[in-house]
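Notes for the one structure printed next.
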Amino acid sequence: MNKKKLIGNLMLFTTAFIWGTAFVAQRVGMDHIEPFTFSACRYLLATLVLLPIIYILDKRSEKTARAEGTYRELTAEEKKAENKSILIGGGVCGVILFIASSFQQVGLVYTTAGKAGFITALYIVLVPIFGLFLHKKTTWLVWVGVALATVGLYLLCVKEGFTIAWGDFLVFICAIFFSWHILACDHFTALSNPVKLSCVQFAVSFILATITALIVETPSWTGIVECTIPIIYCGIFSAGVGYTLQMVAQKDTDPTIASLILSLESVFGALGGFVILHEILSTKELLGCIVMFAAVILAQVPLPSKKEA
């Protein structure tokens, strides 16, 4: 594994940890405000956090380029093309992210956290399946990893007879859109600046969530204030840091591998529940954690290249 892929995978592990622990914050947030209001607040915060970061990174990049003598001012046409690429890519990712997170947030109202975690992480199965339609090759070892990770998620999250209730169905739709979001990130990060793409996707998600909240909900400042800590955690860390790390990391990581690593959010969610909420992991849940970690490691084992005849 080369250095870039290693760094990218470490970023994805960090993202999985943040998303897993944010699951607790999302559940707490639903005690104070409604789903779309919560999403609007977290994505507004994520957008505002990234704006100064983009400014600092641009200035640092320009300074480095000038010092190395490689700096060149973009022409008006080049700037227009770059902005168009960022807006289109960020817009597509933002719409998909809004739909996916909305189904998840609303689904959490009607189903258990265990089932939601399992169903959401089914994107590890859906990504390679949808990837086939985009002509993305996947090794048999990755498919074994996908199967193992699915078993691990089941052991970790499903605590009772698996039935398709309304909330389960909503979260399953969320998993489909999250798999599309991973593939969209894989496509657009190869064409545009990942941090700027991330900022645009948050802005788009914020606009869509705000419009929806104003139509179907009754936003309350009191509720928002009471939900400050969950919003800050989900806005700055889960959205601002997590999704941006995902964007940056996917420039150098295969989307199927990315989905497997990101699926560890269920493991970290369970561990977060143990540390923060003092929930005890059963033997079955611990076995699920072990199987999932094994699946992620297995999927990254390089296969020997075929010799040419």
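We did not get these values from a lab; they are worked out from the coordinates using the rules stated. Keep in mind it's a predicted model, so treat the numbers as computed, not measured. Heads up, the Cβs are rebuilt from the backbone with ideal geometry, glycines too, and the neighbour counts pull from every protein chain shown.
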- Once phi is turned into θ = phi - 60°, what whole-Hz ³J(HN,Hα) does the Karplus curve with 6.51, -1.76 and 1.60 give for every residue of the stretch 138-146, x standing for Gly and Pro? 9, 6, 5, 5, 5, 5, 5, x, 4
- Query: What does the helix-only formula give at 222 nm for the chain: each DSSP H stretch with n ≥ 4 adding -39500 (n - 2.57), the total divided by the residues, and the result rounded to the nearest 500 deg cm²/dmol?
  - Reply: -25000 deg cm²/dmol
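Could you compute the FRET efficiency for residue 4 and residue 222, with r as their C-beta to C-beta distance and R0 at 41 Å, rounded to 0.05?
The formula returns an efficiency of 0.30 here.
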- Item | For residue 249, net neighbour charge (Lys/Arg +1, Asp/Glu -1) across residues whose Cβ lies under 12 Å away | 0
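By average Cβ neighbour count within 10 Å, what is the ranking of 17-24, 120-127, 30-37, 54-61 from highest down? Each step should come with its number before you reach the end.
On the way: 17-24: 22.1, 120-127: 25.4, 30-37: 20.5, 54-61: 11.6.
Highest to lowest by the protection proxy: 120-127, 17-24, 30-37, 54-61.
State to the nearest 20 debye the size of the charge dipole of the stretch 1-62 about its Cα centre, where the only charges are +1 on K and R beta carbons and -1 on D and E beta carbons.
On the way: 7 positive and 4 negative charges, 83 e Å.
The dipole magnitude comes to about 400 debye.
Report the net charge of residues surrounding residue 142, where surrounding means a beta-carbon distance below 11 angstrom and charges are Lys +1, Arg +1, Asp -1, Glu -1. If you can, show how the numbers build up before the last one.
Working: positive: 136, 137; negative: 254.
Value of the local net charge: +1.
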- Task: Enumerate the calculated ³J(HN,Hα) couplings along the stretch 259-272 in order (Karplus 6.51 cos²θ - 1.76 cosθ + 1.60, θ = phi - 60°), each rounded to whole Hz, writing x wherever the residue is Gly or Pro.
- Result: 5, 5, 5, 5, 5, 5, 4, 5, 5, 5, x, 5, 5, x
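Can you tell me the FRET efficiency between residue 286 and residue 147 if r is taken as the Cβ-Cβ distance and R0 is 25 Å, rounded to the nearest 0.05? Let's see the in-between values first.
On the way: r = 20 Å, r/R0 = 0.79.
Efficiency computed from Cβ-Cβ geometry: 0.80.
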- So what are the ³J(HN,Hα) numbers for the stretch 75-88, from phi and the Karplus equation (6.51, -1.76, 1.60; θ = phi - 60°), rounded to whole Hz, Gly and Pro as x? 6, 4, 5, 5, 5, 5, 5, 5, 5, 4, 5, 5, 5, 5
